[in-house]
Amino acid sequence: MTLWTVDHAAHVLAEAERARTERPPITSEWPELDLRTAYQVQHRLIDHKTENGEQVVGVKLGLTSRAKQRRMNIDSPLTAWLTDRMSLPAGQPLDTAALIHPRVEPEIVFVLGHRLAGPGVTATQALAAVSEVRAGLEVIDSRYTDYKFTLPDVVADNASSAGFLVGAQARRPEELALELEGCVLDVDGEIVDTATGAAVQGHPAEALALAANSLWERGVALEPGWIVLTGGLTDAVPARPGSSITARFAHLGTVTLGCS
């Protein structure tokens with residue numbers, strides 16, 4: 001019988017990512033895995049990455065849709081980490097063969113100009129710490145078979161993080177009504193979904209505030225220059241070889257990811 005520990009779970013997930021091999025949820029073998037322990041696994045997983053030369057460059061939020069939160073029986077988003085190796089160069093196709101079963105979702109992206117630390121951060125305070133708002137696409141790639149997992153599983157897996165692409169156009173937050181910012185998602189020129197910034201906690205700044213307060217509970221602050229992916233505006237779409245996925249925003253421009 002496998003003796004499950006934080007270190008072992010992190011090793012299993014790191015190896016699944018490295019080998020591009022999906023696996024059953026950890027909770028199917030370690031039912032005692034709870035949310036607090038899952039964040040410890042996530043932290044150790046990021047330690048693996050930084051020990052191998054990666055740098056933390058920001059955070060991402062997951063389950064920012066209230067409908068998804070109700071399905072997972074939670075009342076706030078989860079947080080996870082971004083590293084420099086997850087950043088995708090503009091114009092370079094996503095190598096789908098290097099991943100397990102990648103999907104892509106459009107995001108409103110914040111770049112922080114000031115340090116942001118809880119507790120008690122409000123959406124207004126969070127937005128005041130933002131220097132730039134950009135369009136973005138996030139690539140997710142769960143290490144679990146068919147994206148089937150519990151909340152502790154996905155937290156331990158760093159919220160299925162795989163990559164992100166940030167648009168070239170930057171706007172000041174005060175120039176935008178972010179809850180009304182429209183986004184059209186198309187695949188190979190065909191519209192597959194639409195949304196506004198309100199899909200993310202009612203306003204992306206609410207998600208940022210929740211992230212700051214949640215991370216404070218684990219002794220972490222959001223640092224200047226960090227990138228924050230505020231959460232998927234629509235459901236994620238599969239990234240298939242030869243396809244092109246584009247998010248067209250009302251005021252943030254267009255960002256496109258080709259897949260090879």
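Hey, among the residues in the range 216-246 that are in a strand (DSSP E or B) and closer than 17 Å to P204 by Cα, which one's farthest from the chain's Cα centre (by Cα)?
Within the range 216-246, the subset in a strand (DSSP E or B) is 222, 227-232, 237-238, 244-246.
Remaining after also requiring closer than 17 Å to P204 by Cα: 222, 227-232.
On the way: L222: 15, I227: 11, V228: 8, L229: 6, T230: 7, G231: 6, G232: 8 Å.
So, considering only residues that are in a strand (DSSP E or B) and closer than 17 Å to P204 by Cα, the one farthest from the chain's Cα centre (by Cα) is L222.
Being assigned to a strand (DSSP E or B), among the hydroxyl-bearing types (S, T, Y) and under 19 Å from E223 (Cα atoms), is that true of even one residue in the range 135-150?
In the first step, residues of the range 135-150 are kept if they are assigned to a strand (DSSP E or B); the result is 135-140, 144.
Narrowing further to those that are among the hydroxyl-bearing types (S, T, Y): 144.
Then keep just the ones that are under 19 Å from E223 (Cα atoms); that gives none.
No, there is no match, as no residue in the range 135-150 is assigned to a strand (DSSP E or B), among the hydroxyl-bearing types (S, T, Y) and under 19 Å from E223 (Cα atoms).
Hey, among the residues in the range 183-210 that are of a type in the set (A, V, I, L, M), part of a helix (DSSP H, G or I) and at pLDDT 95 or above, which one's surrounded by the fewest Cβ atoms within 10 Å (Cβ to Cβ)? Let's see the steps before the verdict.
Of the range 183-210, the ones of a type in the set (A, V, I, L, M) are 184-185, 187, 191-192, 195, 198-200, 205, 207-210.
Checking which are part of a helix (DSSP H, G or I) leaves us with 198-199, 205, 207-210.
From what is left, the residues that are at pLDDT 95 or above are 198, 205, 208-209.
Numbers: A198: 16, A205: 27, L208: 29, A209: 23.
Taking the candidates together, the pick is A198.
I'd like the full set of residues that are in a helix (DSSP H, G or I) and more than 20 Å from T96 (Cβ to Cβ), limited to the range 16-36. Step through it out loud before you land on a result.
Kept after step one, since they are in a helix (DSSP H, G or I), are these residues of the range 16-36: 16-19, 26-28, 35-36.
Of everything in the range 16-36, those that are in a helix (DSSP H, G or I) and more than 20 Å from T96 (Cβ to Cβ) turn out to be I26, T27, S28, L35, R36.
For the range 216-235, which positions are surrounded by fewer than 20 Cβ atoms within 10 Å (Cβ to Cβ), in contact (Cβ under 8 Å) with a residue 40 or more places away in the chain and touching a strand residue (DSSP E or B) at 6+ places or on another chain (Cβ under 9 Å)? Step through it out loud before you land on a result.
The first filter runs over the range 216-235 and keeps only residues surrounded by fewer than 20 Cβ atoms within 10 Å (Cβ to Cβ), leaving 216-221, 223-226, 234-235.
If we keep only those that are in contact (Cβ under 8 Å) with a residue 40 or more places away in the chain as well, we get 216-218, 221, 223-226, 234-235.
Answer for the range 216-235, where residues must be surrounded by fewer than 20 Cβ atoms within 10 Å (Cβ to Cβ), in contact (Cβ under 8 Å) with a residue 40 or more places away in the chain and touching a strand residue (DSSP E or B) at 6+ places or on another chain (Cβ under 9 Å): R218, A221, E223, P224, G225, W226, T234, D235.
The values are calculated or read from the model by the stated rules, or taken from the named source; none is laboratory data. Just so it is clear, the model here is predicted, and its values are computed rather than measured. Heads up, the Cβs are rebuilt from the backbone with ideal geometry, glycines too, and the neighbour counts pull from every protein chain shown.
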